[in-house]
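First up is the structure itself, then whatever we jot down about it.
The values are calculated or read from the model by the stated rules, or taken from the named source; none is laboratory data. Keep in mind that what you see is a predicted model, and the values were worked out from it rather than measured. Using ideal geometry, Cβ is built from the backbone for each residue, glycine included, and neighbour counts are taken over all protein chains shown.
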Amino acid sequence: MEIEDTEKVAAVKKDWRTAGLSIREQALCVWAEKLTLTPADMSPSDLEPLRSVGLDDATILDLAQVASYFNYINRMADGLGVDLEESMMS
């Protein structure tokens, strides 16, 4: 699913905390950020906020796979000195 709201996308890129996201979207961002920045600190209790906003195990698995893939591909690009595409820079 692509987001058609370019203003919302720009606000999220700037700082998801001030982008006016729903409680559900905020829970996704909190979890993905922790997985990205401090993966060794993740624990089963980190899943509770996701479940409290209605995510089931299959959806949480999708979130984990998407966040992990983006982390992987960004680290590969950074490690190999791959330049971002122009559309990714703005």
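The table below gives the values:
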| read-out | value |
| --- | --- |
| Residue in the stretch 35-54 that is of a type outside the set (Val, Ile, Thr), within 12 Å of the chain's Cα centre (by Cα), within 20 Å of Asn74 (Cβ to Cβ) and assigned to a helix (DSSP H, G or I) present | yes |
| Residues being within 22 Å of Leu61 (Cβ to Cβ), in a loop (DSSP other than H, G, I, E, B) and at pLDDT 90 or above - total across the stretch 1-30 | 2 |
| Inter-residue pairs, beta-carbon under 7 Å, first more than 13 Å from Ala64 (Cβ to Cβ) and in the stretch 16-36, second part of a loop (DSSP other than H, G, I, E, B), 6+ apart | Ile23/Val53; Arg24/Val53; Arg24/Gly54; Ala27/Val53; Cys29/Leu21 |
| Filter result (over 12 Å from the mean Cα position of the chain (by Cα) and of a type in the set (D, E, K, R)) within the stretch 55-83 | Asp56, Asp57, Arg75, Asp78, Asp83 |
| Residue list for the stretch 11-34, restricted to those being of a type in the set (D, E, K, R) and surrounded by 15 or more Cβ atoms within 10 Å (Cβ to Cβ) | Glu25, Lys34 |
| Residues located in the stretch 1-34, provided they are under 24 Å from Asn74 (Cβ atoms) and polar (S, T, N, Q) | Thr6, Thr18, Gln26 |
| Among (1) surrounded by 13 or more Cβ atoms within 10 Å (Cβ to Cβ); (2) part of a loop (DSSP other than H, G, I, E, B), the one test that Leu84 misses | (1) |
